[in-house]
Amino acid sequence: MHLANILTVIRIIFIPIFIGLYYFENSLDHNNPQYVQTSNFYSYLIFTIAAVTDLFDGWIARKYKQMTKFGAFLDPVADKLIVCSALVLVVEHFAHPNPWIKYSWILTLPALIIIAREILISALREWMAELSKRAVVSVSWIGKWKTTIQMFAIAGVIWQQADWMVYASVTLLYVAAVLTVISMIQYLHAAWKDLISDM
């Protein structure tokens with residue numbers, strides 16, 4: 001197996017580890033001063049490492065010509081699995097009384113937009129691939145910026161090291177949600193003629 005694909009598989013393996021650490025750390029005593037300093041740090045660390053491997057596996061695959069059909073299938077699956085898992089966890093966490101965010105919908109709204117977009121674009125790309133036109137809906141620069149900002153935002157709301165981090169991360173999550181909508185419109189516009197061709 002190529003190194004790029006190994007990194008992608010590692011990213012998927014990290015998902016249950018990240019989830020387990022997140023729930024374990026949130027079950028600790030919040031009144032313990034040491035907890036305040038390390039709250040969610042290890043789950044944040046695992047998520048960040050997984051996000052970084054996403055950057056490297058694509059770069060390695062292109063630089064060393066390790067692009068495979070298996071990698072082309074698994075890489076976006078790994079991305080969506082870890083992003084959707086993380087969004088569900090933080091939305092569930094902030095649904096409980098929280099010192100920083102009192103209304104759970106503040107995180108639920110961008111999370112819904114991002115997850116819905118991932119489902120829609122995945123279906124669109126699969127359908128366009130059947131028409132041998134997948135390149136029409138290839139990743140755009142807006143999509144890349146959305147992914148980068150989204151990863152920073154999720155990492156911040158996972159760690160929650162300080163109030164400024166939570167506020168900044170939620171703001172970034174809304175920026176990612178806006179870019180999500182823009183990129184979704186961009187992809188739909190690119191595929192629109194094919195979408196309506198047999199209505």
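The values are calculated or read from the model by the stated rules, or taken from the named source; none is laboratory data. These numbers come from a predicted model, not from an experiment. Because the Cβ atoms are built from the backbone with ideal geometry, glycine has one as well, and the counts that use them run over all protein chains shown.
At a glance:
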| item | result |
| --- | --- |
| Where a residue in the stretch 174-199 is at negative phi and touching a residue at least 60 places away in the same chain (Cβ under 8 Å) and its partner, wherever it lies, is assigned to a loop (DSSP other than H, G, I, E, B) and among the small types (Gly, Ala, Ser), with Cβ under 8 Å and at least six apart | Ser183/Ser140; Tyr187/Ser140 |
| Per-region count, the stretch 179-196, residues β-branched (Val, Ile, Thr) and closer than 14 Å to Ala116 by Cβ | 3 |
| The lone exception for Glu126 - which of (1) acidic (Asp, Glu); (2) at pLDDT below 80; (3) closer than 24 Å to Leu112 by Cβ it fails | (2) |
| Subset of the stretch 173-197 (residues that are over 19 Å from Thr148 (Cβ atoms) and assigned to a helix (DSSP H, G or I)) | Ile185, Leu188, His189, Ala190, Ala191, Trp192, Lys193, Asp194, Leu195 |
| Hey, Ile149 under 18 Å from Val52 (Cα atoms), β-branched (Val, Ile, Thr), in contact with a helix residue (DSSP H, G or I) (Cβ under 7 Å, 6 or more places away or on another chain) and surrounded by 15 or more Cβ atoms within 10 Å (Cβ to Cβ) or not | yes |
| Within the stretch 161-173, considering residues that are touching a residue at least 60 places away in the same chain (Cβ under 8 Å) and closer than 23 Å to Thr53 by Cβ, the one surrounded by the most Cβ atoms within 10 Å (Cβ to Cβ) | Leu173 |
| Residue ID - modelled with the highest pLDDT, chosen from residues in the stretch 1-47 that are among the small types (Gly, Ala, Ser) and touching a helix residue (DSSP H, G or I) at 6+ places or on another chain (Cβ under 8 Å) | Ser43 |
| Which listed residue, of Ala50, Ala116, is at pLDDT 90 or above and farther than 30 Å from Leu195 by Cβ | Ala50 |
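Yes/no per residue for (1) β-branched (Val, Ile, Thr); (2) closer than 20 Å to Glu25 by Cβ; (3) at pLDDT below 90; (4) assigned to a helix (DSSP H, G or I):
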| residue | (1), (2), (3), (4) |
| --- | --- |
| Val139 | yes, no, yes, no |
| Lys144 | no, no, yes, yes |
| Ala155 | no, yes, no, yes |
| Thr171 | yes, no, no, yes |
